[in-house]
Amino acid sequence: MSIRCYIPTTLTALGAGLGTAHAVAPDARGRDAGGDELEAQEFDALCIAAALAATQSFEAASAAGSDSPSPRAVVAYDAPDSSPAEELTTGFEVLALTGVDMTSIASIHLDETEAWDEAVDIVARQGHEEAEDHLGDSDLLWYDVSELPELLRTRE
């Protein structure tokens with residue numbers, strides 16, 4: 001059995017391969033719910049991971065002195081059910097993943113190019129918190145893992 005979780009990252013980091021990572025997942029109670037309730041919990045976990053990915057991207061760019069952060073990415077991943085977990089907030093856990101197996105990636109989620117570019121402009125003018133708020137209003141696009149090479153060519 002596996003746990004569907006969501007790894008917050010950047011497109012650059014994803015292209016380099018994910019050795020170890022932290023991921024957001026519904027807690028055991030949420031995973032046991034099944035059906036629509038599980039689907040809602042997984043969507044909320046994806047949203048939490050998206051917010052964390054934006055923070056990672058903007059902070060990494062700032063630390064590197066860069067004006068162009070790597071696009072945020074959220075990886076839907078099927079982690080082993082033995083993955084160590086800690087409570088993140090009510091209903092959600094953070095899984096500690098070692099040796100992320102790229103063949104266990106279910107999908108990749110990225111912002112639309114326009115939404116990401118707007119967020120980068122907002123960071124320059126107003127700071128990363130406002131940019132993160134802007135991204136919170138946009139949906140992530142779904143990509144199959146087989147599309148990763150093309151995404152790296154066109155989005156980075």
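Consider T90 carefully, then state whether it is among the β-branched types (V, I, T), surrounded by fewer than 19 Cβ atoms within 10 Å (Cβ to Cβ) and over 18 Å from the mean Cα position of the chain (by Cα).
Answer is yes for this residue.
Identify the residue in region 60-75 that is surrounded by 18 or more Cβ atoms within 10 Å (Cβ to Cβ) and in contact with a helix residue (DSSP H, G or I) (Cβ under 7 Å, 6 or more places away or on another chain) and, among all such residues, is farthest from G17 (Cα to Cα). First the steps, then the outcome.
Pass one, region 60-75, residues surrounded by 18 or more Cβ atoms within 10 Å (Cβ to Cβ): 61, 69-75.
Applying the additional criterion that residues be in contact with a helix residue (DSSP H, G or I) (Cβ under 7 Å, 6 or more places away or on another chain) yields 69-75.
Values: P69: 18, S70: 15, P71: 15, R72: 15, A73: 13, V74: 13, V75: 12 Å.
Residue satisfying both the conditions and the ranking: P69.
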Among the residues of region 1-36, which ones are assigned to a helix (DSSP H, G or I) and either in contact (Cβ under 8 Å) with a residue 40 or more places away in the chain or exposed (fewer than 13 other Cβ atoms within 10 Å of the Cβ) (or both)?
L11, T12, A13, L14, G15, A16, A28, R29, G30, D32, G35, D36
Of the criteria (1) part of a helix (DSSP H, G or I); (2) more than 14 Å from the chain's Cα centre (by Cα); (3) among the charged types (D, E, K, R), which one E42 fails
(2)
Checking M102 against (1) of a type outside the set (G, A, S); (2) in contact with a strand residue (DSSP E or B) (Cβ under 6 Å, 6 or more places away or on another chain); (3) within 16 Å of V145 (Cβ to Cβ); (4) surrounded by fewer than 19 Cβ atoms within 10 Å (Cβ to Cβ), the condition it does not meet
(2)
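Considering only region 115-156, state which residues are aliphatic (A, V, I, L, M) and either more than 21 Å from S62 (Cβ to Cβ) or exposed (fewer than 13 other Cβ atoms within 10 Å of the Cβ) (or both).
Result: A124, L140, L141, V145, L148, L151, L152.
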Pairs needed: first member in region 91-120, under 17 Å from C47 (Cβ atoms); second member anywhere, in a strand (DSSP E or B) and polar (S, T, N, Q); C-beta distance under 6 Å; at least 6 residues apart or different chains.
none
Quick one: in region 37-82, of everything that is without any contact (Cβ under 8 Å) to a residue 60 or more places away in the chain and of a type in the set (S, T, N, Q), which residue is farthest from G127 (Cα to Cα)?
S82
Could you check how many residues of region 24-58 are among the charged types (D, E, K, R) and under 20 Å from S138 (Cα atoms)?
3
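Read the figures in this text as sums done on the coordinates, not as results from a lab. The model shown is predicted, which means the values in this text are computed figures rather than measured ones. Because the Cβ atoms are built from the backbone with ideal geometry, glycine has one as well, and the counts that use them run over all protein chains shown.
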